[in-house]
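Q: This structure is in structure tokens; I'll ask about it shortly.
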Amino acid sequence: MSLQHIKQGRQSSGVNLRVRSVMLAAALFGSMLAPVSARTLNVVGPWEMTGVEPSQSGYVFTRMQVAETLTGADSQGHIVPQLATAWQVSEDGLRWQFQLREGVTFHDGTPLTADIVAAELQRAHQGAGVLKQVPVKTIRAEGSQLVIELERVFAPLPAFLANYSTLILAPSSYTAEGKVSQVIATGPYQIQTMTLPLKLELKRNEHWWGGKVAIDSASYLAVGKGETRALMAQSGEADLVFSLLPVSVAALSRDPRLHTEVVTLPRTRMLKLNAGSALFSDVRVRQALSLALDRQGMARAILRNDKVAANQLFSPAMGAWHDSQLAPIPRDLDKARALLTEAGWQAGADGILQKDGQPFQVKLLTYSNLPELPVLATAIQAQLREVGIAVEVAVGNSSEIVSQHRDGVLQMALFARNFSLVPNPLGTLLQDYGPEGGDWGAMGWSDAQMQSSLQQLQVITDAARQAPLQQQINQTLQQQLPVIPVAWSELAVAASRQLEGVQVDPYELSYHLTSLRWKSEE
């Protein structure tokens, strides 16, 4: 290419950039002139909507307050009323009665009834969500009350009803064949348009049971790259941005137009191993991988926070599940190599370990919705190479981890697991570490003592009796390592200073749009 062509290209790029800047400024100026009550709240997050089924994308519909569940949770994880105002359980623990909120209507005007709720929860129990973990005998309506009868005692039931997969939809949401075709729910916002998998456009539900909310309209846009989300916050294209990189938070916190907030989550970045495979069936190999990781270095260099280096699966945000007495896990390459040698692995001529003529080569699958994961995966690749393990990093969609787990071909995956989508960690643990394992938990691994502890925690409500069982589970996972904890998580959020009432939910159940208002609005 000639110098003239290069110069012309630069001039063209400069013109395009200036045009874009002028257009953006005009758009922003126009929005400033418009009445604030008519301004759309633009929310950006990393998570795409893979469909309209609650078990698929319900987390977007509940976070954006389109749909609601029977119960919710406050910032401390305590269960609070939502569509159910109160509940009680029989003395034998087998019969639960939920009083439904009066005067609730769906977005199409249909009144909420106990019959509709019963049908929705029956469907959820038969589906792929967390309610299938509950030993339900019957779900039925009795007048204005919902009654759930259990096969056996299951104390955390109200927490399970706060999960997005149990959200309540109107009958008109379904086709004649019983498939969800649209999301018509009870929340303070209703869907105007939905463009799967990326965008929702919402308007205020004028008949919401909680009263009129301040923000007239809102949108949600799924943006996979963290750098792009940060630029959208900085440019004003987004008013509320979730899941930012630490380096982006540092830059955005210096912008006087933005407010940034970081909260600790009950969420852990972890390596999932196929413990049923020839590579990882030996616990010594799993322990060696753990010892080869430089958690403190990754937390410092990539996550910009030494305190999130994970010495156990359960973060301090998980209360009694976390063992505060555990020391940090040191990086010990000599011990890692010794364990691998004990397990029969020997270095080949190229430095890669071999056993029975097979090299220790493994594919590590991760995704970019959480922007730090590919960077962490690259660091892990280099660290495991130091003990003779060759890792190929593949960055795809999070759904590939699930599909490869189910197909039995997954070798290793790096992801972040949220232990609060049911605001009781037991909900996630039952999904992930049951006898058959789970899509986001164990693969080819199970432990009888841990199964016993999980069963006991389903019937015990006393915290003092729960604590030793919780610690036993923690210790088993720490020793057996069906998954290897890497780093705990924080949720970084940037919000326009034009917004008042921003609340960051550490349980990620809601974006609390109903608490927001534009600052200039009186």
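The values are calculated or read from the model by the stated rules, or taken from the named source; none is laboratory data. Bear in mind that the values here come from a model prediction, so they are computed numbers and not experimental data. Quick reminder, even Gly has a Cβ in these numbers, built from the backbone with ideal geometry, and neighbours come from all protein chains shown. With ligands, DNA and RNA removed, areas are computed over all heavy atoms of the protein, side chains included. Shrake-Rupley method; radii C 1.70, N 1.55, O 1.52, S 1.80 Å.
Q: Quick one: grab the alpha carbon gyration tensor of region 93-222, order the square roots of its eigenvalues as a ≥ b ≥ c, and give me rounded if a/c is under 1.5, else prolate or oblate depending on whether a/b is larger than b/c.
A: In terms of gyration-tensor shape, prolate.
Q: Can you pull the accessible area of THR476 for me, 1.4 Å probe, Å² to the nearest 10?
A: Around 10 Å² of this residue is reachable by solvent.
Q: Provide the per residue accessible area, probe 1.4 Å, for region 117-250, rounded to a whole number of square angstrom.
A: Accessible area per residue, region 117-250: 39 Å².
Q: Test of understanding: extend the Cα→C-beta vector of GLN182 to 7 Å, then name every residue of region 59-96 with backbone N under 17 Å from that spot.
A: So the set is 66-67.
Q: Net charge near THR186: determine it from the other residues with C-beta under 14 Å of the C-beta of THR186, scoring Lys and Arg +1 and Asp and Glu -1.
A: Once positives and negatives cancel, what remains is -3.
Q: Taking region 244-295, which trypsin sites (Lys or Arg not before Pro) meet the DSSP loop condition and have no more than 14 other C-beta atoms within 10 Å?
A: ARG254, ARG257
Q: Still on this model: Sum up the charges of everything whose Cβ sits under 15 Å from the Cβ of GLN76, counting Lys and Arg as +1 and Asp and Glu as -1, but leave GLN76 out.
A: -3
Q: Taking only DSSP H segments of four or more residues, each worth -39500 (n - 2.57), what value at 222 nm results for the chain once the sum is divided by all its residues, to the nearest 500 deg cm²/dmol?
A: Mean residue ellipticity at 222 nm (helix-derived): -9500 deg cm²/dmol.
Q: Cα gyration tensor of region 392-522, axes a ≥ b ≥ c as square roots of the eigenvalues: rounded (a/c below 1.5), prolate (a/b > b/c) or oblate?
A: oblate
Q: Among bridges DSSP assigns within the chain, what percent are antiparallel (round to 5)?
A: 75
Q: Could you give the nm distance between label points at GLU53 and ALA338, where each point is 7 Å from its Cα heading toward the beta carbon?
A: Here the modelled spin labels are 5.0 nm apart.
Q: Would you mind calculating the gained length between ASP407 and ASP356 on full extension (0.36 nm times residue separation, minus the Cα-Cα distance), in nm to one decimal?
A: Full extension of this stretch gives 15.8 nm more.
Q: Let me make sure I get this right: for region 231-308, a, b and c are the square roots of the gyration tensor eigenvalues over alpha carbons, sorted descending. Under 1.5 in a/c it's rounded, otherwise prolate if a/b > b/c, else oblate. Which is it?
A: Prolate, because a/c is 1.5 or more and a/b exceeds b/c.
Q: Roughly how many percent of the accessible protein surface of the chain is carbon and sulfur, given a 1.4 Å probe and a whole-percent answer?
A: 51
Q: On a full-extension model of 0.36 nm per residue, what is the gain between HIS207 and THR105, subtracting their alpha-carbon distance, rounded to one decimal in nm?
A: Going from the current span to full extension adds 36.0 nm.
Q: Give me the net charge of GLU53's neighbourhood, meaning all other residues with Cβ under 12 Å from the Cβ of GLU53; Lys, Arg count +1, Asp, Glu -1.
A: The answer is +2.
Q: Something else about it: For region 305-366, what does the accessible surface come to per residue with a 1.4 Å probe? Please give it in Å².
A: In whole numbers, region 305-366 has 52 Å² accessible per residue.
Q: Ok, one more. Between the alpha-carbon centers of region 143-188 and region 259-329, tell me the distance in whole angstrom.
A: Here the answer is 34 Å between Cα centres.
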